[in-house]
Each structure stands twice: as C-alpha cells, then as structure tokens.
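In what follows, a structure is listed as structure tokens, so that the remarks can point back to it.
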Amino acid sequence: MAQANSQHPQWAYFEGKIVPIGDAKISIMSQVINYGIGAFGGVRAYWNQDQQQLYVFRIDEHVRRFLNSGKLFNAQYAFTAAEIRNAIIELLRREGYREDAYIRPLIYNATEDITPRMYDVDFRFACFTKPLGNYISLQVRACTSSWRRVDDNIIPARGKVTGAYVNSALAKSEAHWNGFDEAVVLNQDGHVSEGSAMNLYIVRDGKLITSSVSDNILEGITRKTVLQLAHEVGIETVERSIDRTELYVADEVLFCGTGAQVAAVIEIDHRKVGDGVMGPVGAKLQASYFDVVRGKNPHHLDWLTPVYA
Ligand SMILES: Cc1ncc(COP(=O)(O)O)c(C=O)c1O
C-alpha cells in the first residue's frame, strides 16, 4: 500500500491514464472553462480502522448518475462505466488513503471554440480524489437564500452540471456572509428545493418528508439511502413539495448528501428548530448512515466496494 497523503492528492486520471496531478491540465480555451459545459460527480470512501479497509459508498449508483448528467448534454463518450469505476478504485489505491476520502469524476467539454454548444464537441473524462472529513458541521445554522434554485428548464438541477454550481456558490456565500453555515434554496414558486449542495428533510408528526424529484433537486444518492434506512426502521417517508414556513414549525430539519452526510439544521432564519439540537429521528438516521458507510451494517455491505485486497 502506498504512503497516504493527508494534504493533497498526488494522482489524477486524465486522458485515459493515471498521471501526476500537476500534469492534468485543461486548456483555457476549452468550453468547460469558458462556459461551464461539463458535469461532475461526488463520491465518498470511508475508512474502517478495525478492518483496515477503505469502502467506496454506492459506486455504481454514482457512476450511473454521473453518466446521466452527461446524457443531459447528449454527450457522446469515448469512456464507459467500467473505465470510470476502475479509475476511481485505482486512484484511491495509488493514494493509499487510510482516512475518509472524496472522489470527483468530471466530464468536460474540451472543445476550443467560441460557440457554446453540445454538438460536434469533444467530451472527456477525468477524475481526482482528496482526503475529506466532515464537509459541513453535523449541526448547522441555516437561512433561506434570497437566490432561487436553477429550474429544470433553465439549467437542470437533476444533473451535477458544472456551470449550475454558480447558483450553489451564490447561496452558500450569501449565507456565510450573513453569519450562517448553510442556505436553504427555494424554487421560483417559493417551495423548498434543497441546500446549496445537499438535500433537505423535515420531520413533522414523526414523518420524514423530503422535496420531490420534480422540485429542482439533485436526485441525491444519500437522499435515497436515508429514505431506505428510514423505511427499514419503521419511519414513514413522504416525497412532496415543502412550504418555507414548514421549516419553521418542523420538529426536525435535516440536510443530507455525500459531502454533508446526515446533519441537523438546528436553527433556520433565526428560529430554533425543535430543541435546538439534533432530534431523535435525525440522530437515529445519522447513526444508521455512519454504520452503513463504514461497513458496520451487515445488511448493506452490497452498497460498499472495498478498495484494498
Ligand atoms: C445540489 C446538490 N444537492 C444534493 C446533493 C446530495 O447528493 P448526493 O447525496 O448524491 O451526494 C449534492 C451533492 O453532491 C448537491 O450538489
């Protein structure tokens, strides 16, 4: 096993092979740089100290969604799901991580031409990894953003489209500048979409409620996982539009995502959520999620791909 580097990755997958990360360079003339025409994925690998193993969480789901993001562009690929999967595992092995890590696959429009377009262009695949602990705190103070979520008929939130993350950055930065940890972003119709880079749940009367897939959300893999885990422990789940003021009267508000994991929103727009700490439903789901991703739940080992032999 290679020596782990806890600071900066050493390797990237670029133009069909693994190269030193400094050699993975994209032209400033490329359409991804000029117009944000690209898409990405975000995958996590969790270190299990007892088993001395690194587990990639739901890799096939992530690869499928990543390729679906490319479908939005009608991208003609020269790469396959197997290549992406292998690149992820091989990169993690090369880095030799013995800590939690994040994996970032990218599809990018490498064409050097002025007309922003998706036809007659060259879409390529690249990938890098990096060590990552908690992306946000597991208890956050949030505000509703004055920015509205990108709409499906503007830039589809269903894909992780590179340029669309300006919307996330605007919402996150506004929240930060106003002294909050995170933002809740509303749709044009005023319903709750999601956080800047995470899906949202509320708990009301013991039911776990999350915005529906037609509310301009990213169809989160953690969202799907948490819905299933809730179901398994007997918590009723509902997928429907959420009003802004439901956030104020909810018993619990949660964020979930590959980065965010399962985090409690303990304050929203200066109003305390529940008792102002992680509530019982959130605590149960968070514990269950961490057990699963670290390989401590024998019923969900099929969601994990071990990196080391
Ligand atoms: C906008 C947005 N919503 C939701 C999520 C959560 O999705 P997932 O659980 O698949 O990471 C992400 C994370 O990548 C995101 O960027």
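The values are calculated or read from the model by the stated rules, or taken from the named source; none is laboratory data. Since the model is a prediction, treat every value here as computed from it, not as a measurement. Cβ sites come from the backbone with ideal geometry, for glycine too, and all protein chains shown count toward neighbours. Keep in mind that these areas ignore ligands, DNA and RNA; they rest on the heavy atoms of the full protein, side chains included. Shrake-Rupley method; radii C 1.70, N 1.55, O 1.52, S 1.80 Å.
Once the gyration tensor of the Cα atoms in segment 114-235 is diagonalised, the equivalent ellipsoid follows with semi-axes of 27, 19, 17 Å, ordered largest first. Zone of residue 277 (label point 7 Å along Cα→Cβ, backbone N under 15 Å): which residues in segment 245-266? What the label zone holds, given the 15 Å backbone N cut-off, is 264-266. For segment 248-309, which chymotrypsin sites (Phe, Trp or Tyr not before Pro) pass both filters: DSSP loop (anything but H, G, I, E, B) and at most 16 other C-beta atoms within 10 Å? Qualifying residues, ordered by number: 308. Shape class for segment 195-304: prolate, because the ratio a/c of the largest to smallest gyration tensor axis (alpha-carbon atoms, square roots of eigenvalues) is 1.5 or more and a/b beats b/c. Among the protein heavy atoms of segment 141-218, carbon and sulfur supply 52% of the accessible surface, probe 1.4 Å, non-protein parts ignored. Computed over the chain, the per-residue total of -39500 (n - 2.57) for DSSP H runs of n ≥ 4 gives a 222 nm mean residue ellipticity of -8000 deg cm²/dmol, rounded to 500. Segment 236-279 and segment 54-74 have their alpha-carbon centroids 27 Å apart.
With bins 10 Å wide beginning at 0, the percent of Cα pairs of segment 216-257 falling in each bin runs 23, 55, 22.
Add +1 for every Lys or Arg and -1 for every Asp or Glu among the other residues with Cβ under 12 Å from the Cβ of residue 60, and state the total. Combined, the nearby Lys, Arg, Asp and Glu give +2.
Calculated translational diffusion coefficient of segment 1-117 (20 °C, 1.002 mPa s; Stokes-Einstein with Kirkwood radius over alpha-carbon pairs) equals 139 µm²/s. A compact globular protein would have a Cα radius of gyration near 2.2 N^0.38 Å; the ratio found for the chain is 1.00. Rg over Rh for segment 125-173 works out to 1.03, using Cα positions for both radii and the Kirkwood form for Rh. On segment 223-309, 51 percent of the accessible area sits on carbon and sulfur atoms, based on a 1.4 Å probe. For segment 11-131, the share of accessible area belonging to carbon and sulfur comes to 52 percent (1.4 Å probe, ligands and nucleic acids excluded). A 1.4 Å probe run over the chain, with the rest of the protein chains in place, finds 45 Å² accessible per residue.
You can think of it this way: the chain between residue 241 and residue 269 has 8.1 nm of extra reach, that is 0.36 nm per residue less the Cα-Cα gap.
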